[in-house]
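The values are calculated or read from the model by the stated rules, or taken from the named source; none is laboratory data. Small disclaimer: the values here were computed from a predicted structure and weren't measured. Neighbour counts are summed over all protein chains in view; Cβ atoms, including those assigned to glycine, are modelled from backbone coordinates with ideal geometry.
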Amino acid sequence: MSLALDLALCGLILCVALGAVVGRGVFRSVIFFITYGLLLAIGWARLGAKDVALAEAAIGAGLTGVLLLTAHGRLRRMSVERAPRVGPNPMAATTGIAVALALGWAWFALPAPTAPDLAAALPLTGMGNPVTGVLLHFRAWDTLLESIVLLAALLGVWMLARDVDWHAPLGLRYHARPGGVLASFGRLLPPIGLSFGSYLVWAGADGTGGAFQGGTVLAAVVLVAMMAGVLPPPRVAQGGLRAALVVGPGVFLLSGLLAVALGMGFLTLPPAVAKPATLIIEVALTVSIAVTLAVLVIGPPDDKEPVR
Amino acid sequence: MVTDLATYALTGLGLVFFWAGTIGLIRFPDTFSRLHALTKADNLGLGFIALGLAFQADGWATLAMLALIWMLALLAAGTVAQLVARAALSPPEEDEE
Amino acid sequence: MTALVIVLALPLAGALAVIALPVRAAVPVALSATALTALSALVLAASVWQGGPVTLMVGGWQPPLGIALQADGLAAALIVMSALVVGAVAMAAWFEMAAARAGPRAAFGFWPLMLLLWGALNAVYVSRDLFNLYVGLELLSLAAVALVAISGTAQALVAALRYMIFALAGSLLYLAGVVLVYAGHGTLDIGLLSARSPAPGDALALGLMTAGLLAKTALFPFHVWLPPAHASAPAPASALLSALVPKASFLILIRLWFEAMPELASTAALLMLAGLGAIAVIWGGVLALVQSRLKLIVAYSTVAQLGYMFLVFPLAGGDGSAQPWAAGAWTGAMFQALSHGLAKAAMFLVAGICIAAVGSDRLGDLRGLARALPMTGFAFALAAITLMGLPPSGGFTAKYLLMTSAFAAGQWPWALVLAGGGLLAAAYLYRPLAALFTRDARLPVHPVARAWQGVPLALAALAVLLGLLSAAPFDLLQIGRPEPAVEGL
Amino acid sequence: MTLWLHILVLGLLASLAGALWRVWHGPAQSDRMMAAQLVGTGGVAVLSVLAALQDWDLLVVALALAVLAALAAVGFVKAQTPDSAGDPEETPPPTGGDRRSRAVRATAHGD
Amino acid sequence: MSLTVFAMTGASLVGLGIYGLLALPQLLRRIISFNLIGSGLFLFLGAAGARGEAVDAVPQALIITGIVVALAASALAVGLVVALARRSGLVVLPDEANPR
């Protein structure tokens, strides 16, 4: 029975992926991609990977979806040229099938699983959730670089602004009918989302959640508030915005350097202070992730759409 | 067990509402009636399923979560239905390439 | 060890500081972070020179749980070369921005992107963990794409998008290999992998990772993105992109084929890699010959010069690794990476000076420029000597080592490639040289500060010096080499 | 109970498949968007049932989906407004905003 | 057995994504294809990590990192696409086969 469930779920996942690739029309493709993220989150839940399911739900179904939908709406208005209609492409199909078959073969050829033993080391980190332990302790260098990757992408997006718009607020000039449904929703959601996101960060030490999961939920809430015209988007020059962007990686990096100054290794958190220190780093990271992701999706400062 | 019976009945009812919504979504002839069918049905569906699952809950926290989930889904669905309906009214709806 | 931490952390910390602080603080913060990091790079190289490879277990966790970082001789040499190039680029960018009155956007973005790019490079040079390398490569690619797009022209956006597509495809292919490695062995550490028991998926994993890294290194036939991308960026950014960025993915290839999975290096695969390199040398040279803009000539020359490095695979990899000529070939390829980095950065900085002086980099507009700016002309000529492989430059040492190994190994076709590539380089560099040094000046020349002109000159001189003083870098490169051969030059 | 919950999930997935049929067929963009919205609500339901089946912790994931349920649709209605940044409620509905007038408009604009 | 189903799904998603990447010129659809490839790989890795008696937490952490990195890359790519369309009206890369 359980297998039937997984088969049905995977079948649906493949169907929506197929719809996203072969369906005619970009809009259809984007909508299929959003449902794909949703179904994939369910798939991760089936695999018992709760933290991944959270991240996929928030990012795959939420942020990437809104990013693509917004971009599609703007492209439709801006582009003079339409994408040429393409027929089936045998070359591409052969390549895709070959890679899929190779991966499938590799699965059956895989040797018995060998996983590093976390059980002995995890208590030293003070974390009950092994995923958080891996992210913030064992592979802290990855996580630090990852938070900086977000910043690099944001700088890249900002570099796409026009010079005349540089001092304008980020994103488009969002507005909504005062007292309308959209504005009310933008007022109602943030308190709930803020408490839920904070709960995820706090719970992440021992249960499901963590800085990235909480940060993405917060980012989505901030995004809704901005698009509903409730929260005015900041400007690039605003000190508060830029401080929020760097506080997470900054605190993380400085804690790593502090450990070096105290004669321990880079990014070492001694077991005695591991838990509180991790919490501080996580809170700072959450703030940065939430703000970075939200303004990343909002886009560069853009005073008005060009008329073509 | 009475609680199990309640779960069977309520979740079953929820499933029926989901199906009703889906059938409406497939069968109704135009955008607005489809929208109508959908929001009513799937929120009742989710409500009954959450209620049915509540009888299996392992504590107050779980109950609160289930209630919160349903309320949030209601809020989202109501907002979305209203906004999408208005969006479908005003601009030219071309189905692009 | 502290020097290693500073080399890794300071560029990133500098970038964060530049973003957080008011705009007027950007240049002083960026320049001081650059200077301090460059200093620690030298200290790190000195300690590797004296004490052998410097290893760091991040967070104190040993692999397979944690991530190991290690600066061996090769990593230290690349870190020092990058520090020199970034230092020069920072100076040149400072002059150029002051001269050109850059818009607020570029003035804000360039510094943190440069520092992030540098931090990513250093992270990739020393990382021993395949997934950490993936994250490092992504940081590198995103910063590089942003630098290409910074000028904002439609042409630059097209180039940046094409670059982005190749970089993302390369990342995903690499990631596919990493996934298979972890699924098969439960570890991502290069050291642990070299001692692994072989699994059936290993060859597939290595193939996927290699294909992805080739796309990122712009080896033929994946080179199409490189010339427009490198030519569209502002000159100092082009210098970073061309001199440094492809070296990171090349280094990972070396780590995979020589350290993690050397036993999988079949002769056919090695020959194919070198064959693609040989085609790149010739084809890149031919395309460079027909360009009419200085930056495009220099960019196509990068395609050709990167090709030389791939000759290392059949000469020093697989069965060849135990042969007496392996050390020479391996060191030759690394010398090529180092000297090309210095010379190519010098050339792009020269192109930046030319654009500042006459407002264009078309060869016709550059005629006679060396009379007005003799230092710049001289810098270009010195860098050209290295790229052509003429003695006594670093490029000569590199090609000499590769050529003697090719003869010793009996693989003489590579020697033909080396000779042909040198002739092509002479041909495609002759055109800009002739234009620069001709007598009749075409356009009025804006004055360019001598200090600015001195920057590429210093880099080009270093590229030549690398050949004159090749013994020290030769020894440094041997430190921590998987199979250090006793044979010297 | 376990068996019933499995069946319940399968039934919900079947209902989602129906919604996906509408995503494929459209025809209007709003149809596709609303069908995706149904997939979202159904996904919340599936995750809640899975939580009862496997691990109550999964309710956190369901809650996250519920919080973000409207995000995509808000992005969609924004993109539909003339400046990509407005609110469909700002413009008054076309006079006699009923289906027929809309149908006329749709034919006028062509496809 | 269920794990095999998920792994095969992951492999097929990678294949589908590669098809989309090679066959579809519209840039937003290429970005979607990239995301399909990435998530397919993650699904494969997640299934592989769940094979042992205890679920391995390391792949989960890697996947979360990977998802965030993929979002960052997608955001920059989408930004580039919008900027290009605004500047030149293009939604595909010009002169696919042979630039200049």
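Exactly one residue among C:Ala398, C:Ala408, C:Ala461 is in contact (Cβ under 8 Å) with a residue 40 or more places away in the chain, closer than 19 Å to C:Ser242 by Cα and surrounded by fewer than 24 Cβ atoms within 10 Å (Cβ to Cβ), and that residue is C:Ala461. Considering only residues in region C:181-209 that are surrounded by fewer than 24 Cβ atoms within 10 Å (Cβ to Cβ) and closer than 24 Å to C:Leu306 by Cα, the one that is farthest from the other protein chains (Cβ to nearest Cβ) turns out to be C:Leu206. Of all the listed residues (C:Gly170, C:Gly177), the sole one being part of a helix (DSSP H, G or I), in contact with a helix residue (DSSP H, G or I) (Cβ under 8 Å, 6 or more places away or on another chain), more than 12 Å from chain A (Cβ to nearest Cβ) and under 21 Å from C:Leu251 (Cα atoms) is C:Gly170.
Scanning region B:1-47 for residues that are outside any helix (DSSP H, G or I) and within 7 Å of chain D (Cβ to nearest Cβ) returns a single hit, B:Asp30.
If the condition is being farther than 16 Å from C:Ala235 by Cβ and more than 7 Å from chain A (Cβ to nearest Cβ), then region C:143-158 contributes C:Ala154, C:Leu157, C:Val158. In region C:125-142, of all residues being in a helix (DSSP H, G or I) and more than 7 Å from every other protein chain (Cβ to nearest Cβ), the one that is nearest to A:Pro116 (Cα to Cα) corresponds to C:Leu130. Evaluating A:Leu9 against the criteria (1) facing chain D (nearest Cβ under 9 Å); (2) surrounded by fewer than 22 Cβ atoms within 10 Å (Cβ to Cβ) leaves one unmet condition, (2).
Of all the numbered requirements in (1) within 9 Å of another protein chain (Cβ to nearest Cβ); (2) part of a helix (DSSP H, G or I); (3) under 29 Å from B:Leu5 (Cα atoms), B:Ala76 misses one, and that requirement is (3).
The rows are residues; the columns are (1) in contact with a Gly (Cβ under 8 Å, 6 or more places away or on another chain); (2) free of Cβ contacts under 8 Å to residues at least 40 places away in the same chain; (3) in a helix (DSSP H, G or I).
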| site | (1), (2), (3) |
| --- | --- |
| A:Gly128 | yes, no, no |
| A:Val131 | yes, no, yes |
| A:Ala152 | no, yes, yes |
| A:Val164 | no, no, yes |
| A:Ala176 | yes, no, no |
| A:Ser184 | no, yes, yes |
| A:Arg187 | no, no, yes |
| A:Ile192 | no, yes, yes |
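Scanning region A:170-217 for residues that are at the interface with chain D (Cβ under 10 Å from one of its Cβ atoms), surrounded by 24 or more Cβ atoms within 10 Å (Cβ to Cβ) and closer than 24 Å to A:Ile148 by Cα yields A:Gly197, A:Leu200, A:Gly209, A:Gln213, A:Gly214, A:Thr216, A:Val217. Considering region D:71-81, and only residues there that are farther than 30 Å from D:Leu5 by Cα and without any contact (Cβ under 8 Å) to a residue 12 or more places away in the chain, the residue that is surrounded by the most Cβ atoms within 10 Å (Cβ to Cβ) turns out to be D:Val77. Pairs linking a residue in region D:55-70 that is modelled with pLDDT of 95 or more and basic (Lys, Arg) to a residue that is crowded, with 24+ Cβ neighbours inside 10 Å and part of a helix (DSSP H, G or I), with Cβ atoms under 9 Å and 6 or more positions apart or on different chains, do not occur.
Of the residues making up region C:260-301, those that are surrounded by 18 or more Cβ atoms within 10 Å (Cβ to Cβ) and within 28 Å of C:Pro482 (Cα to Cα) number 13. Looking only at region D:20-41, residues that are touching a Ser or Thr at 6+ places or on another chain (Cβ under 6 Å) and small (Gly, Ala, Ser) come to 3 in all. Under the condition of being among the polar types (S, T, N, Q) and more than 14 Å from chain A (Cβ to nearest Cβ), the residues counted in region C:62-108 number 1.
Scanning region C:189-204 for residues that are in contact with a helix residue (DSSP H, G or I) (Cβ under 7 Å, 6 or more places away or on another chain) and part of a helix (DSSP H, G or I) turns up C:Ile190, C:Leu193, C:Ser194, C:Asp202, C:Ala203, C:Leu204. Given the condition touching a His at 6+ places or on another chain (Cβ under 9 Å), in the same structural domain as A:Arg242 (by TED's automatic domain parsing), within 19 Å of A:Pro123 (Cβ to Cβ) and not charged (D, E, K, R), answer yes or no: does some residue in region A:298-305 qualify? Within region A:298-305 (the criterion being touching a His at 6+ places or on another chain (Cβ under 9 Å), in the same structural domain as A:Arg242 (by TED's automatic domain parsing), within 19 Å of A:Pro123 (Cβ to Cβ) and not charged (D, E, K, R)), the answer is no, since none of the residues qualifies.
Counting the residues of region B:48-61 that are crowded, with 18+ Cβ neighbours inside 10 Å and either in contact with a strand residue (DSSP E or B) (Cβ under 9 Å, 6 or more places away or on another chain) or part of a helix (DSSP H, G or I) (or both) gives 7. Taking A:Ala228 as the residue in question, decide whether it is within 12 Å of chain D (Cβ to nearest Cβ) and either within 30 Å of C:Arg105 (Cβ to Cβ) or not basic (Lys, Arg) (or both). Spelling it out, A:Ala228 is indeed within 12 Å of chain D (Cβ to nearest Cβ) and either within 30 Å of C:Arg105 (Cβ to Cβ) or not basic (Lys, Arg) (or both).
Checking the conditions here, which among E:Ala77, E:Ala61 is buried (at least 24 other Cβ atoms within 10 Å of the Cβ), under 14 Å from the mean Cα position of the chain (by Cα) and within 19 Å of C:Gly136 (Cα to Cα)? So the residue among E:Ala77, E:Ala61 that is buried (at least 24 other Cβ atoms within 10 Å of the Cβ), under 14 Å from the mean Cα position of the chain (by Cα) and within 19 Å of C:Gly136 (Cα to Cα) is E:Ala77. In region C:18-38, the residue that is nearest to the chain's Cα centre (by Cα) out of those that are part of a helix (DSSP H, G or I) and within 8 Å of chain A (Cβ to nearest Cβ) is C:Ile19.
Scan region C:436-467 for residues that are of a type in the set (Gly, Ala, Ser) and either more than 24 Å from C:Leu289 (Cα to Cα) or more than 27 Å from the chain's Cα centre (by Cα) (or both) and jot them down. Within region C:436-467, C:Ala441, C:Ala449, C:Ala451, C:Gly454, C:Ala458, C:Ala461, C:Gly467 qualify.
Taken over region A:12-29, the criterion of being more than 7 Å from chain E (Cβ to nearest Cβ) and within 21 Å of E:Phe42 (Cα to Cα) is satisfied by A:Leu12, A:Cys15, A:Val16, A:Gly19.
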